[in-house]
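Scroll down for the structure; my scribbles are underneath it.
The values are calculated or read from the model by the stated rules, or taken from the named source; none is laboratory data. Given the structure is predicted, the values throughout are model-derived calculations rather than measurements. Note that each Cβ is placed from the backbone with ideal geometry, even for glycine, and that neighbours are counted across all protein chains shown. Quick note on the areas: whole protein, heavy atoms, side chains included, nothing else; ligands and nucleic acids left out. Shrake-Rupley method; radii C 1.70, N 1.55, O 1.52, S 1.80 Å.
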Amino acid sequence: MKKRLFLILSLTMAFVALAQAANQLRVTSVKGKITFMTNNGQRLPLEVNDIVDNTTIINMPFHGVLELLDQSSNKRYTINAPGRAPISALLKDNRNSLENLTQQYVKTLVNEVTNGGKVKGNVISEPAAITRKLAKVKESDGMELDLDMDMDMDMSLNMNFSQKDLINEYRQFRQQCTNTYTNWMREAWQSYTGEAPKKVPQVKDAPPVFIPIDDNGDEGKPITYEEAKAEIQRGTIATAEESTASFFSFLGKIVKGKGKKEKKIKENKDQKLAVEKVHDDVVKEKPKESKALVPIAAAPVQEGGVNTPFLFSIFGTKYQVRLSDACRFKLNGVTENDVADAIELLSDIKYDNLLFDCLKIRKENKLSDWAYFQALEALTNEFCGEGTNEATLLMGYILSQSGYKVRLGRDNNRLVLLTASQHTIYNKVAYRLDGETFYLLEGGVQTLSICRASLPNETSISLYIRNAQKFDMDQSEKRTIKSRDYPDFEVTIHTNKNLLKFYDTYLPSCMNDEVMTRWAMYANTPLSEDVKAELYPQLRSKLQGLSKLEGMRRLLNLIQTGLVYEYDENIWGADRAFFAEETLYYPYCDCEDRSILLSRLVRDILGLKAILIYYPGHLAMAVHFPEEVTGDYIMLEGEKYIVCDPTYIAATVGRTMPGMDNNQARVILLQ
């Protein structure tokens, strides 16, 4: 078997030697959706008989195969490694030999043991996002090993081995694969100039509007925030002590009476609004989720691996991985060879349990991509020293082995980490590498030397938070939220301050450069299980027996009158959107925060579909009811959505806030 492996290695090296630079290359065969980049930056499909040269940038999909003919020498070349790079780089790319070698080795290995009748293979885990796969190997003495197998296959195998030499042979093979990758790293560095950070668009919020209600439940003339401040200055509705209070601190002063009677529901006009959808194909479609290596069982004790526990914490939550002082390392510098040597060191088997444990933490706690990034940063800073080159390198290594598309950069004597993102990230320097945008998450360096070495089938970070994030509880003080017009509609709530710390690190971003899609990312994030367990039974109990419309009226009024409005710039110094949980905790909120929270409650408690409505300077929402409801509405894909504005204080379902131009309104779809 070793002879066969040596033969495969020899053939692969011969193939690489033949892949020399060529002038004019004719495409003779195309398998898969292979594209190339034109001189003006346009991406087009590559077809048979197209003429390209060594500088042509192509995009090779997974399992794609491209055959080329050098028209001057009649030599033929084959490219089958996934990635995006000039043809000359792909012809020299060691991943071509690595991938062929891996496939041949795994097929030979599986054939060897299955023919002997000593192994039974079966699918045990979903495919990883990169070519590294976990295989569980059980030796005859009962000891279990977790091995990372570099293979381009669609499944992992659960195999019972009795031949210890096969395991040793595999480890030798793995080391050869590591050497191939790190050799590429020694040559793949290039200088790049970053793009200036995109700033979060700042739009002045439209002032909220309040409808006074008298003792008879009749509506008075609507009054705006600015008009109320003028009344304060004149001293007509507030005392001197209240003159610096926010708008709703004197809410009761605006009401003409004591408000003992329930507010009368004013009849609405059935008015259709003309609005434009905001990239509903982007917001409606579920974005890609970063996949990573999935642990297939409880992490066992591994021969040659480190089993000493190492503790670290993030957002008040303690985690444990297997990592000891024997795993500490020191970079001699940050040259290409220094970095490649360190990657070879980290590829040693003693770090395998660390990788396994990190992925186990990610899976068991359902960490989002951003939470996983934060956890790894805390781990590597704790182990290597905060902000050190060793911490940056270790974090980048773990992320790359977890399936993420990251790159190492160098600024003089300092290493930095860049990540590709599915979203536009604001306030971060961006670099264009091979047609993709990578973001420098720390610092503002404009020019970097960046290593372009990559792994197949990497995944860009997603800033979506699909699952409720699990952090240890640091309970806030009790907060009571009470509806003014439905006095018995009152709830009490606690929040987890550790979760709020995580949200405080969240990167403002949007999809496809469409700024309004950022609110969908907040609105689609679920509330934590702790908050739902406390809040939702209260709401369901108080809404029991009511129609969907009556339930909506109470929820709408609870948010309108139970929360205190204030401009973000007065509290935070700039615009800042809240996740629903943050609005339940912080004492002040604005229109976008109210709409995000209300849309979450409507979908979870009432089971109704909701959308956000954006006016310049204002965010409201609308709801689709199963029964006929009158009022201002939007027709969307044949369904009627009734306007519900949580910042139009005391306005009932179906009323648009004064001053909003429906001709400029746009709809943001929610999941």
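Please work out how much length the chain gains when fully extended from E534 to N23, using 0.36 nm per residue of separation minus the C-alpha to C-alpha distance, in nm with one decimal.
Extending this stretch completely gives an extra 177.0 nm.
Fully extended, how many nm does the chain gain between M473 and D488 (0.36 nm per residue separation, minus their Cα-Cα distance)?
Taking M473 through D488 to full extension adds about 2.4 nm, to one decimal.
If packing is taken as the mean number of other Cβ atoms within 10 Å per residue, what is the order of 554-567, 495-508, highest first?
My ranking of the peptides, most packed first, is 554-567, 495-508.
For the stretch 395-445, what does the accessible surface come to per residue with a 1.4 Å probe? Please give it in Å².
Per-residue value: 28 Å².
Can you tell me the relative contact order of the stretch 408-518? Whole percent, Cα pairs under 8 Å, sequence separation 6 or more.
Across the stretch 408-518, relative contact order equals 26 percent.
Going out from 0 in 5 Å bins, what whole percent of all Cα-Cα distances in the stretch 529-613 drops into each bin?
All Cα pairs, binned at 5 Å, distribute as 2, 14, 25, 24, 18, 10, 5, 2, 0 percent.
Using a Debye calculation, one point per C-alpha and no hydration shell, please list log10 I(q)/I(0) for the stretch 459-521 at q = 0.19, 0.28, 0.29 Å⁻¹ in order.
Values returned for q = 0.19, 0.28, 0.29 Å⁻¹ are -0.90, -1.15, -1.19.
In nm, give the distance between the simple-model label positions of Q446 and D348, each being 7 Å from the Cα along the Cα-to-Cβ direction.
Here the answer is 4.2 nm between the modelled labels.
State the extension gain, in nm to one decimal, for the chain segment bounded by N74 and S313, taking 0.36 nm per residue of separation less the distance between their alpha-carbons.
Length difference between fully extended and current span is 80.0 nm.
According to a simple spin-label model (label point 7 Å from Cα along Cα-to-Cβ), what is the distance in nm between L546 and L507?
4.1
N570 to E514: FRET efficiency via 1/(1 + (r/R0)^6), r the Cβ-Cβ distance, R0 30 Å, to the nearest 0.05?
Working from the Cβ atoms, E equals 0.65.
Structure shown: which of K478/K532; K497/K532; K31/K75; K501/K542; K470/K497 lie over 23 Å apart, alpha-carbon to alpha-carbon?
K501/K542
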